[in-house]
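The values are calculated or read from the model by the stated rules, or taken from the named source; none is laboratory data. Keep in mind it's a predicted model, so treat the numbers as computed, not measured. Heads up, the Cβs are rebuilt from the backbone with ideal geometry, glycines too, and the neighbour counts pull from every protein chain shown.
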Amino acid sequence: MKEFVLTNDAIKMLLERPPNLSTLIVEKGHVQRFAESIGDDNPVYFDIEYAKSLGYKNIIAPPTFLRCMDPAPPNPSELIQLENILDGGSEWEYIMNVFVGDTITSSTIIKSVTQRNTKVGTSVFVIGQTSYSNQDNVLIATQKFTYIKY
Amino acid sequence: MNINLDDIYIGMELPKLYKNPSTRQLVQYAGASFDYYEIHYDKDVAQKNNLPGVIVHGALKAAFFGELITKWMEPKGKLLKLSIQYKGMDIPGDELIITGKVNKIESLPNSMIVYCSLWVENSSMERTTTGSGVIELPI
């Protein structure tokens, strides 16, 4: 069991941190390597003519492709004592597809920080949200995520 | 597959995906997703973290859900929501069955909204990951 107490000051600092920003230009080869790494052979990720036959302007990216932006969980100094981290899950909402050639900007904020006692000792549940916009400044997707630090 | 609206009913199962992620695939996914956390490819680091060995990325299992649902709904469907909860860890070399079930159907004037539950089952029949998906299909 680790001696760890999450203070109100630490919670306030985490919640008031400025958004973490990141930018990605979506390259065809990257989308294809991502689809291959899943083992997803859907031609909509590989063949522009096929993608166009479905009404898309270009090759699209798989639904969780945006995970490659800012993939490291937030590891704020306030929680550095807790060395281990687990991914608890994600909730995605999709507004528009990601196309090859897009420039995507992501913005991540921490929405809640809660200390709980679990079977592995003191754990802190960090819930955050990433918003993704494209080059036209249009919100295309959001991902709410949970990490457990212990 | 070309989904036929008349064939969709509450309780129907989505066509299963069978996955058998190797450590090699975890390295591939790490490279493609930029998730270089060592517990997914370095046994020593994994064991230092009190794990039996390297474990499958949760996000790779989330990607399997994405593949399952997009293959089923294409070419007309639009994925609106996808959620994933990790319940247990999976190790490379174990066969994972990815599947889902239709739970609810809503009819709108020009489309149908289909709600599915999703899960990953390992070879010990444990559901190590659960989730849900919402898709819209034009009528």
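Checking A:G55 against (1) within 13 Å of another protein chain (Cβ to nearest Cβ); (2) more than 26 Å from B:L17 (Cβ to Cβ); (3) over 23 Å from the mean Cα position of the chain (by Cα), only one condition comes out false. Which one?
Here A:G55 meets the rest and fails (2).
Take the conditions of a type in the set (D, E, K, R) and within 12 Å of chain A (Cβ to nearest Cβ) and apply them to B:K81. Does it pass? Before the answer, list the steps.
Details: of a type in the set (D, E, K, R): yes; within 12 Å of chain A (Cβ to nearest Cβ): yes.
It is true that B:K81 is of a type in the set (D, E, K, R) and within 12 Å of chain A (Cβ to nearest Cβ).
Could you identify the single residue in A:V100, A:V120 that is touching a residue at least 60 places away in the same chain (Cβ under 8 Å) and more than 8 Å from chain B (Cβ to nearest Cβ)?
Result of the check over A:V100, A:V120: A:V100.
Quick grid of which residues meet (1) touching a residue at least 12 places away in the same chain (Cβ under 8 Å); (2) among the hydrophobic types (A, V, I, L, M, F, W, C):
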site	(1), (2)
B:A46	no, yes
B:N49	no, no
B:L60	yes, yes
B:G66	yes, no
B:M73	yes, yes
B:S83	yes, no
B:D90	yes, no
B:L96	yes, yes
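Does segment A:43-52 contain at least one residue that is part of a loop (DSSP other than H, G, I, E, B), within 28 Å of B:L118 (Cα to Cα), touching a strand residue (DSSP E or B) at 6+ places or on another chain (Cβ under 9 Å) and at the interface with another protein chain (Cβ under 9 Å from one of its Cβ atoms)?
No, segment A:43-52 contains no residue that is part of a loop (DSSP other than H, G, I, E, B), within 28 Å of B:L118 (Cα to Cα), touching a strand residue (DSSP E or B) at 6+ places or on another chain (Cβ under 9 Å) and at the interface with another protein chain (Cβ under 9 Å from one of its Cβ atoms).
Considering only residues that are within 23 Å of A:A51 (Cβ to Cβ), within 8 Å of chain A (Cβ to nearest Cβ) and among the aliphatic types (A, V, I, L, M), which ones fall in segment B:56-68?
Those that are within 23 Å of A:A51 (Cβ to Cβ), within 8 Å of chain A (Cβ to nearest Cβ) and among the aliphatic types (A, V, I, L, M): B:A62, B:A63.
Tally time: how many residues in segment B:41-55 are under 22 Å from B:R127 (Cα atoms) and within 11 Å of chain A (Cβ to nearest Cβ)?
3
Each row is one residue, and each column tells you yes or no for (1) in a loop (DSSP other than H, G, I, E, B); (2) at pLDDT 95 or above.
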| position | (1), (2) |
| --- | --- |
| B:V56 | yes, yes |
| B:A62 | no, yes |
| B:F65 | no, yes |
| B:L68 | no, yes |
| B:K76 | yes, no |
| B:K81 | no, yes |
| B:I98 | no, yes |
| B:I113 | no, yes |
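Yes or no: B:P138 surrounded by fewer than 16 Cβ atoms within 10 Å (Cβ to Cβ) and touching a residue at least 12 places away in the same chain (Cβ under 8 Å)?
Numbers: surrounded by fewer than 16 Cβ atoms within 10 Å (Cβ to Cβ): yes; touching a residue at least 12 places away in the same chain (Cβ under 8 Å): yes.
When the stated conditions are applied, B:P138 passes them.
So which residues in segment A:44-59 are modelled with pLDDT under 95 and among the hydrophobic types (A, V, I, L, M, F, W, C)?
A:L54 - this is the single residue of segment A:44-59 that is modelled with pLDDT under 95 and among the hydrophobic types (A, V, I, L, M, F, W, C).
Which is under 16 Å from A:F65 (Cα atoms), crowded, with 18+ Cβ neighbours inside 10 Å and not hydrophobic (A, V, I, L, M, F, W, C), of B:G58, B:G31, B:G77? Walk me through how you get there before you give the answer.
Values: B:G31 fails: crowded, with 18+ Cβ neighbours inside 10 Å; B:G77 fails: under 16 Å from A:F65 (Cα atoms).
Among B:G58, B:G31, B:G77, only B:G58 is under 16 Å from A:F65 (Cα atoms), crowded, with 18+ Cβ neighbours inside 10 Å and not hydrophobic (A, V, I, L, M, F, W, C).
Among residues belonging to segment B:88-99 that are surrounded by 14 or more Cβ atoms within 10 Å (Cβ to Cβ) and charged (D, E, K, R), point out the one that is nearest to A:R67 (Cα to Cα).
Just the residues of segment B:88-99 that are surrounded by 14 or more Cβ atoms within 10 Å (Cβ to Cβ), to begin with: B:89-92, B:94, B:96-99.
The next check asks that each one be charged (D, E, K, R); those that pass are B:90, B:94.
Working: B:D90: 19, B:D94: 24 Å.
Looking at residues that are surrounded by 14 or more Cβ atoms within 10 Å (Cβ to Cβ) and charged (D, E, K, R), I get B:D90.
Among what's in segment B:19-40 and is more than 10 Å from chain A (Cβ to nearest Cβ) and touching a residue at least 60 places away in the same chain (Cβ under 8 Å), pick the residue that is farthest from B:V102 (Cα to Cα).
B:T23
For segment A:89-139: of the residues being assigned to a strand (DSSP E or B) and basic (K, R), which is farthest from B:T129 (Cα to Cα)?
Let us first name the residues in segment A:89-139 that are assigned to a strand (DSSP E or B), namely A:89-94, A:99, A:103-118, A:121-133, A:139.
Subset that is basic (K, R): A:111, A:116.
Numbers: A:K111: 24, A:R116: 22 Å.
Of everything passing the filter in segment A:89-139, A:K111 is farthest from B:T129 (Cα to Cα).
Quick check on A:P71: is it at pLDDT below 95 and in a loop (DSSP other than H, G, I, E, B)? Break it down stepwise before answering.
Numbers: at pLDDT below 95: yes; in a loop (DSSP other than H, G, I, E, B): yes.
Judged against the criteria, A:P71 is a match.
Restricting to segment B:33-45, name every residue that is under 13 Å from A:I85 (Cβ atoms) and assigned to a helix (DSSP H, G or I). I'd like the intermediate steps shown before the answer.
First pass over segment B:33-45, keeping only residues under 13 Å from A:I85 (Cβ atoms): B:35, B:37-40, B:45.
Selection gives B:E38, B:I39, B:H40, B:V45.
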